[in-house]
């Protein structure tokens with residue numbers, strides 16, 4: 001009995017450092033943030049006014065801009081889930097084959113994700129600039145004057161432009177994960193399928209796609225979480241403008257803290273946003289699991 | 001196993017001890033005082049360091065200027081330090097007067113009035129009234145702060161309009177006669193459109209500059225009293241005068257006097273466009289003299305007040321103290337910090353600072369040798385006002401709705417009337433929240 005207890009304690013001792021760190025840096029801050037969400041506080045004064053669930057109610061029932069920002073992030077996520085991930089998957093498929101310079105392509109495709117988001121945002125802002133931007137200059141040069149546009153200042157195109165840059169910046173992660181997934185599919189399966197007369201499309205449909213489902217689920221969840229939390233690109237490219245057209249939840253939380261000095265409100269926004277993200281990830285996971293089964 | 005357990009416990013205790021040591025107040029050491037100053041002014045850091053060396057040579061007291069940029073990062077750092085009681089001896093606040101008052105209420109800022117009033121107000125009298133006013137709380141102020149002076153201005157600024165004289169000539173205009181009225185300004189917009197040039201550039205993507213521009217015209221159209229009454233909730237934003245202010249933006253957009261992409265333009269980009277001779281007008285602060293000089297020393301431009309929309313009331317511009325330093329009330333070195341600031345704002349140091357970075361000094365005695373354009377900026381401080389000088393301040397949510405609403409007018413998404421209604425709704429919501 002004593003031996004068993006000792007063994008159990010030993011096992012707990014091994015996970016204790018990780019659990020302690022998790023508790024200090026994740027659980028306690030989460031509780032504090034929730035607690036602050038119940039107060040009206042400017043972040044400076046030592047006194048806080050308890051307002052109960054008022055901040056949460058205001059966000060849910062009155063703050064239209066908050067929900068618009070959620071929709072904007074949802075739109076960006078939809079683009080990332082489709083355009084970005086399909087591109088990443090296709091490129092991974094291409095690089096999984098025996099093609100020349102495949103290592104070079106792998107390196108190239110992974111450059112955008114490792115670049116600083118601030119630098120990427122500023123460079124693309126310059127490229128998409130309505131007055132002297134590179135994109136407009138190229139369009140004009142190649143005779144497509146009618147396409148010359150104020151990409152970031154027009155509400156019709158601003159969010160899509162930022163979403164496209166976000167997808168460009170992020171597709172490398174998906175590419176890497178898809179490539180890793182493709183490389184662990186046993187080659188014998190393809191050989192057997194070929195012997196049975198399956199063409200490339202049938203092999204893709206019957207072998208590649210089913211085998212890749214776990215990776216696709218993981219990439220989709222990471223894409224949702226990453227895109228919903230986009231901030232730096234928005235901050236450097238449009239700062240949420242024009243008007244509220246490129247506002248996303250994190251820029252709103254930041255605005256509540258920085259602009260309005262409503263720390264309690266910002267904390268409540270953070271909690272609501274966190275719950276929505278968890279719900280989205282869980283739903284996505286359940287749906288994908290159902291589809292896989 | 002025992003060894004493992006022991007090392008784990010020791011490790012965790014070590015981490016805890018290291019973490020706690022980070023909370024120790026600065027400058028707790030004994031001996032010669034060392035003053036720490038936090039600032040965000042990238043362009044001035046080298047000059048500050050030089051002045052710190054001079055001070056050390058003179059007094060033996062080391063002054064350590066620590067730069068934290070950009071300003072957003074600096075601002076968050078100061079707030080976090082205030083929470084942890086880790087503020088340095090001298091620091092600045094970037095924010096509204098409401099934030100300033102919260103820092104005072106929290107006991108972080110030293111009341112400098114006794115030092116300012118010493119020797120018949122010798123220190124106080126060195127400053128321009130408008131430079132000092134931003135750091136002052138009057139008797140019976142609405143923030144509930146004990147009246148007094150809580151900060152030291154280190155420079156002054158005004159935000160006004162600039163025009164490119166060469167482009168004026170290209171447009172067939174007199175380069176020494178900038179537009180005086182709003183209709184003249186709009187007429188130039190038509191010429192700008194014809195010549196396919198860019199009109200007014202400014203950092204209107206960073207919305208506070210829109211607020212500044214709109215406020216100028218609010219004062220010009222309805223006067224200060226009505227603006228203050230609106231902030232107090234006695235006048236609605238749907239009042240015809242406020243709609244007139246919003247309509248100016250619609251008129252500017254329609255006339256072609258605004259540069260394309262203005263609504264998401266950051267000020268740095270605006271400065272580049274103006275300095276490169278691509279834009280006819282700029283709306284910028286007096287710091288631009290140094291910026292433009294760095295970008296193109298031969299840029300041929302002039303400064304002007306925003307063209308009047310109403311002849312009956314004066315035009316106002318934002319201005320007053322540019323940056324201010326505050327003394328940490330809990331600092332062990334507060335006496336030394338005050339002495340340093342007294343030296344730092346003395347005539348010679350202010351003149352040096354002004355000369356090196358082309359800004360407007362806060363010290364009256366240092367203003368004599370200002371170059372032409374800075375002299376013009378300095379002269380225009382007589383028209384200066386600033387939200388931090390007003391007795392009341394608007395809710396940040398209302399300011400945001402107002403500024404973003406103006407962006408909506410410029411992109412032709414909303415009418416001035418719609419924006420006015422939206423702003424008033426936010427105002428009523430905030431008033432209701434305050435009443436709770």
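Coordinate-derived values only; no laboratory data. Source: prediction; values computed, not measured. Glycine gets a Cβ as well: all are built from the backbone with ideal geometry, and neighbour counts include every protein chain shown.
A few notes on this one:
- Cα gyration tensor category, rounded, prolate or oblate, for the range A:54-292 with a/c compared to 1.5: oblate
- Helix content alone sets the calculated 222 nm mean residue ellipticity of chain A: runs of n ≥ 4 DSSP H residues at -39500 (n - 2.57) each, divided across all residues, give -21500 deg cm²/dmol.
- Computed label-point distance, nm, for sites residue B:375 and residue A:291 using a 7 Å Cα→Cβ extension: 7.3 nm
- The range B:251-270 and the range A:180-216 have Cα centres lying 55 Å from one another.
- Relative contact order (%) - criterion: Cα under 8 Å, at least six apart; region: the range B:250-399: 23 percent
- Cβ crowding within 10 Å, taken as a proxy for footprinting-reagent exposure, orders A:126, B:318, A:201, B:208 from fewest neighbours to most as A:201, A:126, B:208, B:318.
- Pairs of Cα atoms nearer than 8 Å and 6+ residues apart set the relative contact order; for chain B it is 22 percent.
- Contact order normalised by residue count of the range A:54-292, Cα under 8 Å, 6+ apart, percent: 30 percent
- Among B:311, B:45, sorting on how many other beta-carbon atoms sit within 10 Å of each Cβ, with the fewest leading, yields B:311, B:45.
- Per-residue shielding of B:391-397, expressed as the average number of other chain Cβ atoms within 10 Å of the residue Cβ, stands at 2.
- Think of it as helices only: each DSSP H run of n ≥ 4 in chain B is worth -39500 (n - 2.57), and spread over all residues that comes to -15000 deg cm²/dmol at 222 nm.
- Centre-to-centre separation between the Cα atoms of the range B:93-134 and those of the range B:335-349: 14 Å.
- Inter-site label distance for residue B:166 and residue B:241 at 7 Å from Cα along Cβ, in nm: 4.3 nm
- Counting neighbouring beta carbons within 10 Å and listing from fewest to most, the residues B:264, A:160, A:251 come out as A:160, A:251, B:264.
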